[in-house]
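**Q** Let me begin by handing over the structure; questions about it come next.
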Amino acid sequence: MFDKFKDTVKNLSEDVKSSVTEKEIEEDDISSVLEKFRLKLLESNVSFSAAESIEASVKENLIGKEAGRFSIEEEVEKAVKKEVGDTVSDDYNLLNKLNEVDNPSIFFIGFNGSGKTTTLAKVSKFLDDNGFDSVFGAGDTFRAASMEQLEEHGDTLGKKVVRHEYESDPAAVAYDAIEHAEKHGKVALIDTAGRSHADRNLMDELEKMIDVNNPDVTFLVVDALAGNDVVEQIKAYEGMFEAIIVTKMDIDEKGGTVISAARESGKPIAFKGTGQMYEDLEVFDKEEFIENLFE
Ligand SMILES: Nc1nc2c(ncn2[C@@H]2O[C@H](COP(=O)(O)OP(=O)(O)OP(=O)(O)O)[C@@H](O)[C@H]2O)c(=O)[nH]1
Ligand SMILES: [Mg+2]
């Protein structure tokens, strides 16, 4: 896992070692290797601003130290861990949140193909395992076959799917699904159409959907392979979500998307998707994530 990120940190340690000639590490010794390190972080999907602060933290940790008196690897690792730890938060508990509100509703929003529909189904399974029944709202009335995809999950998981016609108003679908959930003491899980920031109509529609229905929880679903696009995605949905779910972590070599998403949004990471099965959803654990970056 995260081999590319590991190599980046390891290479930096080696580069620092070979570039330090004096006893005490000076800025000049390491500025070019830090520059290279920053570029490598960018290649590992770490956003520009996050890469800059990781670089600054490593620099601060090394300058003025006496080479040979300490382990460069350890210092580099310590600095990167601290910076990532300060950036990424896992401070989100969905079950607590659901216990706090009456008739909860959860929206899943995000770019095309990020994993919204699959994640909704996984969350339904997670809720089942924790004593919450759910109803699905087919709020993607836009993409062909989206409702059949959701109904397939509904059939498999034994969940009712509230749907209208294609091209109909998704705000009304969500409304009906939430009403149905309220009547039956269930949680409403609302699917939405995949958007890109260029789709002004779909973005307006999504804003309306959220305004009208005032969901208790809105998750932004981002794909770990999105790379630098995640910065744009966070901007496009700014103010609309309270926590993030990062999907496809099982096929991510780079690790940087979590760091970028956390940095650019300031929001906690609630869950991670780790495969295509319903049970492949885990509560995000920051310490475990950081350990995985280095082990
Ligand atoms: N390996 C892996 N694949 C995933 C994960 N989450 C979702 N996928 C796959 O990603 C693809 C897209 O998932 P969807 O749930 O359809 O994504 P979506 O955001 O609803 O897509 P649109 O509705 O078209 O915007 C599917 O093939 C999923 O099986 C994950 O955690 N790991
Ligand atoms: Mg979908």
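The values are calculated or read from the model by the stated rules, or taken from the named source; none is laboratory data. Note that the structure is predicted; figures quoted are calculated from it, not measured. Glycine also receives a Cβ, built like all others from the backbone with ideal geometry; neighbour counts cover every protein chain displayed. In case anyone asks, the SASA skips ligands and DNA or RNA and just uses the protein heavy atoms, side chains included. Shrake-Rupley method; radii C 1.70, N 1.55, O 1.52, S 1.80 Å.
**Q** Of the beta bridges DSSP finds with both residues in the chain, what % are antiparallel, to the nearest 5? Please report the intermediate quantities before stating the final value.
**A** Values: 4 of 26 bridges.
Expressed as a percentage, antiparallel bridges in the chain total about 15.
**Q** So how many Å³ per residue does the convex hull of the Cα atoms of region 156-295 work out to?
**A** On the way: hull volume 18.4 nm³, N = 140.
Spread over its residues, the Cα hull of region 156-295 gives 131 Å³ apiece.
**Q** Kindly express, to the nearest 10 degrees and within the range 0 to 90, the angle between helix 27-43's C-alpha long axis and the longest C-alpha principal axis of the chain.
**A** In the chain, helix 27-43 runs at an angle near 20 degrees to the longest axis.
**Q** So, one more: Treat every Asp and Glu Cβ in the chain as -1 and every Lys and Arg Cβ as +1, leave all other atoms uncharged, and give the resulting dipole magnitude about the Cα centre to the nearest 20 debye.
**A** Numbers: 34 positive and 64 negative charges, 38 e Å.
Approximately 180 debye in magnitude.
**Q** Under a point spin-label approximation (7 Å from Cα along Cα-to-Cβ), what is the Gln276-Glu73 distance to one decimal in nm?
**A** The two pseudo-label positions are separated by 3.8 nm.
**Q** Per the Cauchy relation, a quarter of the hull surface: what is the mean projected area of the convex hull of the alpha carbons in the chain, in nm²?
**A** Taking the Cα atoms of the chain, their convex hull projects to 15.4 nm² on average.
**Q** Could you tell me which GluC sites (Glu not before Pro) in region 18-49 are loop residues by DSSP with no more than 10 other beta carbons within 10 angstrom of their beta carbon?
**A** Those that pass, being in a loop and sparsely packed, are Glu22.
**Q** Once Lys and Arg get +1 and Asp and Glu get -1 on their Cβ, which of Gly115, Gln233, Thr257 lies farthest toward the positive end of the dipole of the chain?
**A** Gly115
**Q** What number comes out for accessible area per residue over region 3-87 if the probe is 1.4 Å? Units Å², please. Write down the numbers at each step before the final one.
**A** Details: 4360 Å² over 85 residues.
Averaged over the residues of region 3-87, the accessible area is 51 Å².
**Q** Let me ask something additional. Could you tell me how many degrees, from 0 to 90 and to the nearest 10, lie between the Cα long axis of helix 170-184 and the main elongation axis, the longest principal axis, of the Cα atoms of the chain?
**A** 80 degrees
**Q** Can you compute the label reach from Glu66? Point 7 Å from Cα along the Cβ direction, backbone N cut-off under 14 Å, restricted to region 16-48.
**A** Taking a point 7 Å out along Cα→Cβ of Glu66, the residues of region 16-48 whose backbone N falls under 14 Å are 22-25.
**Q** Note the angle between two axes, namely the Cα long axis of helix 146-157 and the longest principal axis of the Cα atoms of the chain, as a number of degrees from 0 to 90, rounded to the nearest 10.
**A** So the helix axis and the longest Cα principal axis differ by about 90 degrees.
**Q** Another question about this same structure. Roughly what would the spin-label model give for Glu152 and Asn11, points 7 Å off Cα along C-beta, in nm?
**A** Going by the 7 Å Cα→Cβ label model, 4.0 nm.
**Q** Given the convex hull over the Cα atoms of region 50-207, what projected area results after averaging over all orientations, in nm²? Provide the component values of the computation, followed by the final result.
**A** Values: hull surface 51.9 nm².
Value for region 50-207: 13.0 nm².
**Q** Computed from the mean reciprocal separation of all distinct C-alpha pairs, what Kirkwood hydrodynamic radius does region 3-87 have, in Å?
**A** Working: mean 1/r = 0.0793 Å⁻¹.
That comes to 12.6 Å for region 3-87.
**Q** Moving on. Give me the one-decimal nm value for the distance between modelled label points at Glu242 and Ser168, 7 Å along each residue's Cα-to-Cβ direction.
**A** 2.9 nm
**Q** May I ask you to give the percent of accessible area on the chain that is carbon plus sulfur, with a probe radius of 1.4 Å? Mind showing how you got there, number by number?
**A** Values: 5700 of 13250 Å².
Percent of accessible area from carbon and sulfur atoms in the chain: 43.
**Q** Now, a different point. Go through Lys59/Lys116; Lys36/Lys235; Lys82/Lys125; Lys36/Lys286; Lys78/Lys116 and tell me which ones have a Cα-Cα distance over 32 Å in this structure. Can you show the working numbers first?
**A** Details: Lys59/Lys116 39 Å; Lys36/Lys235 27 Å; Lys82/Lys125 34 Å; Lys36/Lys286 26 Å; Lys78/Lys116 35 Å.
As for pairs spanning more than 32 Å Cα to Cα, those are Lys59/Lys116; Lys82/Lys125; Lys78/Lys116.
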